[in-house]
Each structure stands twice: as C-alpha cells, then as structure tokens.
Number of protein chains: 2
Amino acid sequence: MVLMPVLPPALPAPVADALRQAVGERELLVDPDRTAGYAVDWTGRYAGATPAVVRPADTAQVAAVLAICAAHGIAVVPQGGNTGLVGGSVPLAGEVVLSLARLREVGAIDPVDGQLTAAAGAPLASVHQAAAAAGWAYAVDFAARDTATIGGTVATNAGGVHVLRHGSTRGQLTGIEAVLADGRVVSHLAGLGKDNTGYDLAGLVCGSEGTLAVVTAARLRLVVPPDHVVTALVALRDVADAVAALGVWRRALPGLQAAELVLADGLETVCEHQGLPRPFPRGAGATARAFVLVEVGGASDPTHEVAAAMDEVAGLYDVAVATDPGAAARLWCYRERHTVVIGEHGPPHKLDVTIPAASLAEFCAEVPARVPRAAPAARTWLFGHLGDGNIHVNVTGVDPGDVAVDEAVLGHVLELGGSISAEHGIGTAKRRWLTRARSPVQVEVFRSIKAALDPAGILNPNVLLP
Amino acid sequence: MVLMPVLPPALPAPVADALRQAVGERELLVDPDRTAGYAVDWTGRYAGATPAVVRPADTAQVAAVLAICAAHGIAVVPQGGNTGLVGGSVPLAGEVVLSLARLREVGAIDPVDGQLTAAAGAPLASVHQAAAAAGWAYAVDFAARDTATIGGTVATNAGGVHVLRHGSTRGQLTGIEAVLADGRVVSHLAGLGKDNTGYDLAGLVCGSEGTLAVVTAARLRLVVPPDHVVTALVALRDVADAVAALGVWRRALPGLQAAELVLADGLETVCEHQGLPRPFPRGAGATARAFVLVEVGGASDPTHEVAAAMDEVAGLYDVAVATDPGAAARLWCYRERHTVVIGEHGPPHKLDVTIPAASLAEFCAEVPARVPRAAPAARTWLFGHLGDGNIHVNVTGVDPGDVAVDEAVLGHVLELGGSISAEHGIGTAKRRWLTRARSPVQVEVFRSIKAALDPAGILNPNVLLP
C-alpha cells in the first residue's frame, strides 16, 4: 500500500542540536530532498516521510542517538540497505531514520574458528569478499547482496538459497553488539564455540526486525567452501515428485546446498522474455511441470553421487548437469531471472511463505486457482527454495496492497499449517496477520519481551507487533 | 557445596489438594522418603529438600500445576533426568519439584524434513533410538544419554561431542512447546524450514535453565548419519600444535564431527587405572603431550582425506586409525574413561569452560600451576572438546565447593576472554560468577526478560540469575 508522504513536523530544536552534537553537523539530514531517499523502500510500495535521518559513525554514536531519542520519546526506524520487502525499514509514521550505513568495517578472520566480526552497515557482499579472500565463505547469500547490510540480515534473520545446508542468519551468529532503546550497549562478540552464560540475546535480537535493539555489529561463523560443486537442473513430472525427490537427495547427498523450485509456466515465460534457450526442448523434459535446480558441493567431485541420487527419484524426466561455473551460471539464470521477468508484468504483490512438505504440491496447485477468484486480472508466479518449503508467491495484475490476494494466499497457508513469512519477516506488511499466524499467548509473550527491552516503544514501533 | 537438607514446611492443604486434583493422587509425592531422591543431584554435591514432587502426565497437567503454584506464589524447580552438573534441577531452597519424567513420547519422523517431536521427559537415548530406527541420527550426544531428558537438554542448551559439526541443542531446535510461569501454554511445533513470524521463543527458552518457562516438548532436526566413519587418535607435541591442527582439519575435512582433547598425564592415569594398553608405547608418540581423538564421517570412505589432512599438521608424532566400530570404541575409551578414573580420586570439583583458540595452550599450562597455589592438595585434570575450545577442568583433592579453586580457574578464564560455562550452564554453582562473565547491562537485560516472562519469579528462582 503506497501511503502519501505527508511531511511530519520538524524535530524540536534541542533534539536536533543534541543529535548534531552526537553525530556531527553533516550527518543529521533534515532537508526533505536529502531525506526522501531514506523514506521509501526500493520497490516503491512503502513510502513515508521523516523529520530527520541520523547517520552515526560508530556504536558510541548510535548509543548517543538512541539516548537522545529515548529522552524525548522520539520513535526511530533503524535502516540498513533498505532492501527489505515488508516495509520494515522506512518511516511510515514520521519516525526518525537511524541509518547504520556508515558502520562498514569488516574485521579479520580468525583462522582456527573461521569467524569474523562485521559492522551493521557492511554490505553482505563485503563479508563474502572478505571470506573468499581468506579461503572461506559466508553461508547467507541472496540477490540483494551488494546493498543489503549485515545489520539488516541479522534484524530480519535473512535466509537465501543455502539455508537447507547451513541455516538462516541466526545459525551463523555467534555473537552480537547492539544498542538498546535507551542507549545502553550490549556487546558479546567473543564468538566462543560454546557459551552457556545466560539467555541467548543474539538469537533473540536476530529476527526481531529492529523492535528490540539496534544491531551495530555481528560475529559470524564462516564455512569452508566446497572444492567441487555440481549444479543440475532436474525436470520432474510435478511438484509432488519434486518434494519426494528432495527427501531422496537430502538423505543421499550430504553436500546438498541448494534445491530451488521453478514451475513450467514461469520457466517458459523466463525463456521467452530473456531469450534463453529452453533447457529441455524435446522429449519427456518438455512435458515436465516442475524443475529443481540442485547444487551439491564436496571436498571431492560429487558427480557420481549426484548421478546415483537421480536414479532413485521417481517422476524424473530429464537432467541438465553443469560442472563448470559458466554452465552453472547459465542454469541458475532460469531461477534467478524470475524476479526481473515478473517485474516486467507490473509491480508485483510479493508474498513469501513456508509450506509443510506434505502440502506443498496442493499449495502450488491451489494458489493459481484461488488468487484469480479474489482478483480476476491476477497472474500468479510461484518459485522459491524447495529445500526449506519456502515459496515466493508473486502476484501481478493486482494492486500491490490488495488484501483479497493476501487472504487467498496467506489464508490458504494457515489452513495448511505453513508460515506467512518464511524469510522476509512481518514488517508493516503482515502485522495484521501476526495474530492469525501465532497464538494469542505467543503474541502476548512477544509484547512482554518488547515491553521489557523497549518500554517506551520507540524502536520501530510500527513493525512486527500489531 | 553440600547444603544440609532441612525439611521445608508442608504445602498448605488447599494447594496440595489442588495439585492432587490436577495430576492424580499418586503423582503428588509428599513423603520425604519418596521425595528425597528428587532433592539431590546425582553427584551428591547439591542436596536440598522439597515439600512435594509433582509428576504431571502431559502438557495440560503441567499447565494446571503451574497455574496452581503461580496462584499461591509457590516456587518450582523443573526436573528432567537430574543429570546436570551445576545444581540447576534440585530444590535447594525448598521449592516444589515439577518432574517431567512422565512426558516420554517420541513422535514419528517426517521423512522429507527429517524431524521429530519429543516430549520433555523422553530420555536422550530414546530419541537416538527412534532416529536410528528410521535411518537418521540426532546430533546431540553425551555420556548421560540414558538418563538425561530432552527437556533438560533444551533447558540447558546441551552440547556434547558433535557440536563442532552440528551445533548445540539450540541448533537442532525447530520448535518448542512450553508452559509459562502462570500456566499459559506456548506451542509452536510445526518445525518449518523457515519461519520469520516474531521473536525466537524456542531459542530464548533453550539455555534458560528452567527460569523462563517449563519445556514440555521439542521439535528436533535430525541429521543423516555418515555411511563411513574414520576415527583416529593423534599424538601431538603439545596443546598449541593440537589447536593448530584443528585449524587444518576444520578446513580440510568437511566431515570432521569430533575433535576431543586428552593430555599426557590424564591418558597415562587412564591407562594405568583401567588396564588399557598405551596407545603409543614407543617412538615419538610416547613423548607426545597432547592427544586428539578425531572422528570424520562421509558418504564415501574419508580415509584418504584424513591421511592427507594429517600430513599437513605440524608437531604430529603418531596416529592410530580405526575404521571398524570395535577399534573406534577402543580409541574412544582413552577419552571417555577419564570421568570414571577421576572419580576414583574422590569427588571432583567440576568446571566447564571455553577458551579462545589463541589462548588454549596457555590455559592448559597455567591451570595445573595456579590451582595448587590456591589448594595445595589439588590435582587438576584437563580434557574436553577441542573443536569448541571447551575444556572440562576437574579438580580432585579439594572440597567440591572450594571457592579458591573457582577463582584460580574461572578468574583465569575471564582474563583470557573465555566463557565460565561452555555447556553445563550457570545453575546454582556459578550464579555469583554471572556478573563477572557478562556486563552489567547484559545481566540487566536478562533480568528484564525474566521479569517479563515470570513476573512473580516462581520458576527456578535460585538458578542462573544472581
């Protein structure tokens, strides 16, 4: 839903003065021409307005900013790369924007533990680069890597294509530094292999979408990149066969690190719009309804294991295998180009859900039938992370704020025991759905925790909790 | 410290009546002869007394019990297998014992996701058995597996020998069912691959040692057991070489699933007391100061990778390799028999710490020097999980409550930036240390969270928080 940006009143002069003193004259932006870019998300679906953008340089300045805002009861939206998809990082109710963009340091890698500390504003890609330069890899990866920041990935417990192997961001986090709503700093960045001394603050703040604390740095576990990677595009009879195949591959291929789902109509449109060759122009593959992009890593070449695992799969119509990076990248295009092709059909209504394996085929069949009943001009696009049961439902031909579409999709998700947010979070977009997704007691517990850590409610007050 | 069990006053009759109504006449134990066994830990170091032991049969009964206790302001100690090492599951201040022992169900395994739901009182071993019967494995394992319960492993975020590969209990947890202090039930057991709908309650309750909620069930991720396992006992010049070797193995062996440290004097005493053959009776191995038990799994036989990885290690004096289970078990004896041999030297003072890799050698050299300065009759025993930097420090020849020993060991741990509790938790034993291990702000945040979830402070009130 695009909200009209009504300019909120300016900050009281003493507050503005205190913030300038904290971060320096140049880093408090109040000119609407300069703040406007911070007030709208990259999709343009969530547009607000802010009296000021504050750009602290380090943790001490973040603490000073929050102490000032807390003292004056001023609400704050923490912002990293602003690449979120649920309106969680823009000032929709006139909040001050606290940009973490200047905290960009990526520290040295511990050679035994394979960990590094990254500041909140460091782009995800900069962590990938630092890891790669030392022969390591960071497991969390997704398309917005050049803009999305580590702080944002922690705040949203970001996922991506390798979750089935390594887990989401919370699984990589061995420590955190964060500033509480009143400016107190919590720092626990030793990254010890085991540390059972009190409650898991890092895991709690991770995924809390800026409502409990402002992340300033994260200690991250790296992984050893595989020496060999085999990539295969597998053509299957239908989604049910793809789900069953996942069960086989998970057992047979310990190096399975991605299993991405694409459907026949999406693949066809991607080929057409992007001028890509059909991957299976003839034979049974041409009649397949579901395609899975499988990536398997190994210390030794896993080609034979992959081939053997394919032999166990029912409903397998054809396989295209890539063993060099160029060929693998060409296979990934069939999955990755979905977003741009969908965008050519108008601004999509984006939903991101998890479905239990047993219901995934039913969901993929039902959504294209249910959505047009709610919005006759709608076209649905389904693709996503089969390995996690995570389907990205994109709907074009509708208003991006169409609540009937939400009802058709998310209502069905809840009927099937799925999650209304797999990896994007609740943000502003799904706040009213939280009470349908989680029990009243669970939401009460969330509120108790929020009140305990942010009693004045100044941290991202219009996000997550309804 | 052994506390004298002074019998607390009996429960008020209306409370006892209400509890009997909730769980049945037979499952409220008030006879001191019957409750005594629940009031002391298995090591005998922590002995208390309780007016009653309540043994609910299911989650609804747990909820009823807690609602009754909350209404009357009665403090409760949740108890699983009572195998903890820090006095966290016994009624040291006259609390009611809430035994989860009757909630023993282990559910079916989802064949695609590889997950199961286990009730709190299910012994860890029963989960191993259920997993193995279906061709899976559960990653958390340790010696007390037949008695320790799933609820206890969740409450303490239990670790064990495979943490370096799969993480601690928190890393296996995909959902939780728990009862809050006032009897409200939180249940989120769908175990979806991704689910970013609110705060991570499962991760927060995990490791909270019964102070935030009573775990009644857990949804657990299983792992695929490797088809091949190679076990090697590696003799190294010293601890510094062992740490460096870990760095090499972590990089070269993606299937590395255990790396356990044993020192020369401990190994010698184990061989002597248990009548085991010296593993390296001759040559350089006989002069080694540090030994690492390495376990490497793989879908294919990793023997060649293991051999190649050993070639890269400096200070490697000798290696004994086992490829069949019998030989592997014989190698594991050198590590596992430490506990029983130490016990023959009198009741040990047990400490469980994590040391950063860079300081591990220094710590292992310093502790045997520092402890006797604090307690001249002391003998120190060091062994543990090298892969996590987790050293179990056992001290014999001292009173198990000797605070000077704590100061000598834990004080040094803090100087080195380590953790005073790797995997055992804080419990009663290390409460007064929490404020030295975590900053004042962090302890304040812990208190805020405790107050939010258990405002009356009835859940395990004498554990974790000082």
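The values are calculated or read from the model by the stated rules, or taken from the named source; none is laboratory data. Keep in mind it's a predicted model, so treat the numbers as computed, not measured. In this analysis, Cβ positions are derived from the backbone assuming ideal geometry, glycine residues included, and neighbour counts consider all displayed protein chains. Protein only, heavy atoms only, side chains kept; ligands, DNA and RNA dropped before computing areas. Shrake-Rupley method; radii C 1.70, N 1.55, O 1.52, S 1.80 Å.
Quick notes on this one:
- B/A buried area, accessible surface, summed, 1.4 Å probe, Å²: 5900 Å²
- Cβ-vector label at 7 Å, A:R237, separations to other copies in nm: 6.3
- Shape index of the stretch B:157-216: Rg/Rh, with Rg the Cα radius of gyration and Rh the Kirkwood radius from the inverse mean 1/r over Cα pairs, equals 0.99.
- Computed over the alpha-carbon pairs of chain A, the distance histogram in 10 Å steps reads 4, 20, 29, 26, 16, 5, 1, 0 percent, short to long.
- Karplus-derived 3J(HN,Hα), 6.51/-1.76/1.60, for each residue of the stretch B:69-86, Hz, glycine and proline x: 4, 4, 4, 10, x, 9, 6, 10, 10, x, 9, x, x, 6, 9, x, 10, 10
- A loss of 50 Å² or more of accessible area (1.4 Å probe, protein heavy atoms, ligands and nucleic acids excluded) relative to the isolated chain is seen in these residues of the stretch A:96-113: A:V112.
- The dipole here belongs to the stretch A:1-76: it is taken about the Cα centre, uses +1 on the Cβ of Lys and Arg and -1 on the Cβ of Asp and Glu, and is about 120 debye.
- Using C-alpha pairs below 8 Å separated by at least 6 residues, the relative contact order for the stretch B:384-466 is 27 percent.
- Nm distances between copies for B:D265, ranked from closest, using label points 7 Å along Cα→Cβ: 7.4
- Alpha carbon convex hull of the stretch A:380-443, volume per residue in cubic angstrom: 96 Å³
- Crossing angle, helix B:403-415 versus chain B [Cα axis fit, 0-90 degrees, rounded to tens]: 70 degrees
- The Cβ shell under 10 Å around A:V292 holds other residues with a net charge of -1, Lys and Arg each +1, Asp and Glu each -1.
- Per residue, the average separation of C-alpha pairs within less than 8 Å and at least 6 apart gives chain B a relative contact order of 15 percent.
- Per-residue ellipticity at 222 nm computed for chain B from its helices equals -9500 deg cm²/dmol, with DSSP H segments shorter than 4 residues left out and the rest contributing -39,500 (n - 2.57).
- Computed with a 1.4 Å probe on the full set of protein chains, the accessible area for A:R102 sits at about 80 Å².
- Taking every alpha-carbon pair within the protein assembly as shown, the share separated by more than 58 Å comes to 9 percent.
- Among the protein heavy atoms of the protein assembly as shown, carbon and sulfur supply 55% of the accessible surface, probe 1.4 Å, non-protein parts ignored.
- Estimated inter-spin distance, B:A308 and B:V443, nm [label 7 Å along Cα→Cβ]: 5.1 nm
- Given R0 = 30 Å, the distance between the Cβ atoms of A:L414 and A:D238 translates into a calculated FRET efficiency of 0.80.
- Relative contact order (percent, whole number), the stretch B:251-306, Cα cutoff 8 Å, 6+ residue spacing: 56 percent
- Each other residue within a Cβ distance under 9 Å of A:L124 adds +1 if Lys or Arg and -1 if Asp or Glu, for a net charge of -1.
- Shown in residue order for the stretch A:434-443 are the 3J(HN,Hα) couplings computed by the Karplus curve 6.51 cos²θ - 1.76 cosθ + 1.60 at θ = phi - 60°: 4, 6, 8, 8, 10, 5, x, 5, 5, 5 Hz (x for Gly and Pro).
- Estimated D of the stretch B:246-392 in µm² per second, where Rh is the Kirkwood radius over Cα pairs and Stokes-Einstein applies at 10 °C, 1.306 mPa s: 96 µm²/s
- Remark: spin-label model distance A:A60-A:R330 equals 5.6 nm, labels positioned 7 Å along the Cα→Cβ axis.
- Angle of helix A:13-23 to the longest C-alpha principal axis of chain A, folded into 0 to 90 degrees and rounded to 10: 60°.
- Cβ-vector label at 7 Å, A:A314, separations to other copies in nm: 5.7
- Ordered from largest to smallest accessible area (heavy atoms of protein chains, 1.4 Å probe), the residues B:E268, B:E27 come out as B:E268, B:E27.
- Cβ-Cβ FRET estimate between A:D301 and B:T323, R0 fixed at 25 Å, reported to 0.05: 0.65
- Between the Cα long axis of helix B:239-252 and the first principal axis of chain B there is an angle of about 80°, rounded to the nearest 10.
- Between A:G384 and A:L261, A:H392, the built amide H atoms are under 5 Å apart, and every one of these is 5 or more places off in sequence or on another chain.
- Once the chain from B:T435 to B:Q21 is taken as fully extended at 0.36 nm per residue, the excess over their C-alpha distance is 144.9 nm.
- Extent along principal axes [Cα atoms of the stretch B:57-213; Å; largest to smallest]: 47, 35, 26
- Solvent-accessible heavy-atom area per residue, rounded to whole Å², over chain B at 1.4 Å: 35 Å²
- Remark: the stretch A:319-325, residue by residue, has Karplus-estimated 3J(HN,Hα) of 9, 10, 10, 10, 10, 10, x Hz, where x stands for each Gly or Pro and the curve is 6.51 cos²θ - 1.76 cosθ + 1.60 at θ = phi - 60°.
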